[in-house]
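The values are calculated or read from the model by the stated rules, or taken from the named source; none is laboratory data. What you see is a predicted model, and the numbers here were worked out from it, not measured in a lab. All Cβ positions, even for glycine, are placed from backbone atoms using ideal geometry, and neighbour counts span all protein chains on display. Keep in mind that these areas ignore ligands, DNA and RNA; they rest on the heavy atoms of the full protein, side chains included. Shrake-Rupley method; radii C 1.70, N 1.55, O 1.52, S 1.80 Å.
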Amino acid sequence: GASLPAPLVLDVSRVETWPHGRWGAVFSANTCHILPEAALATLLACSRQALRPGGLLLLYGPFHDHGVHTAESNAAFEAQLRSLDPHMGVRDAADLQETARGLGLEPLAGDLRLLALELRSSLRLRE
């Protein structure tokens, strides 16, 4: 069977740590809510540059769905995050997807499925 390369550890806020090449997918779990907005924008932009046409950016973690928490526990979690650092917080998937569209990343149709009280956002690089 096919084997996958080892995961890469990145500092998403530092463009120079991103690998060169054309990857089929970039996966990030539980990062969007702890990244400041500027670092989240860097994550999206660098992922776009790292993906080959048709490649996938897969983001997993708690997201708002058009401003609405998907679980009461996510609202409490966001309050805790913001008490630690006002730059952290649960991001709205619709806002993230709008930013991604501007970079050439398109949300997959029907995405934002509920997975154990968290949402997944999948975006594909336009070919």
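In whole percent, how big is the carbon plus sulfur part of the accessible area of the stretch 48-88, probe 1.4 Å, protein atoms only? Intermediate results must be reported in sequence, preceding the final value.
Details: 1280 of 2290 Å².
Using a 1.4 Å probe with all protein chains present, the stretch 48-88 comes out at 56 percent carbon and sulfur.
Once the Cβ-Cβ distance between residue 99 and residue 3 is put in as r, and R0 is 35 Å, what FRET efficiency do you end up with, to the nearest 0.05?
Working: r = 33 Å, r/R0 = 0.95.
My answer for the efficiency is 0.55.
Counting only heavy atoms of protein chains, what accessible area per residue, in Å², does the stretch 19-77 have with a probe of 1.4 Å?
Values: 2850 Å² over 59 residues.
For the stretch 19-77, the per-residue accessible area is 48 Å².
Among residues other than residue 38 whose Cβ falls under 15 Å from its Cβ, what is the net charge (Lys/Arg +1, Asp/Glu -1)?
On the way: positive: 14, 91; negative: 11, 37, 85, 95.
Here the count lands on -2.
Taking a quarter of the surface of the Cα convex hull of the stretch 10-65, what do you get in nm²?
Numbers: hull surface 15.8 nm².
Projected area, direction-averaged: 3.9 nm².
Put 69, 87, 20 in order of accessible area, largest first, 1.4 Å probe: what do you get?
Values: 69 55, 87 115, 20 175 Å².
Final ranking, largest accessible area leading: 20, 87, 69.
For residue 65 paired with residue 15, estimate the spin-label separation in nm (one decimal), with each label point 7 Å from Cα along the Cα-to-Cβ line.
3.6
If amide H atoms are built 1.01 Å from N in the plane of the peptide, which residues on other chains or at least 5 residues away come under 5 Å of the amide H of residue 51?
Amide H to amide H, under 5 Å and 5 or more residues apart or across chains, residue 51 pairs with 23.
Residue by residue through the stretch 97-108, which ³J(HN,Hα) values in whole Hz follow from phi under the Karplus form 6.51 cos²θ - 1.76 cosθ + 1.60 (θ = phi - 60°), with glycine and proline marked x?
5, 5, 4, 4, 4, x, 9, x, 9, 10, x, 6
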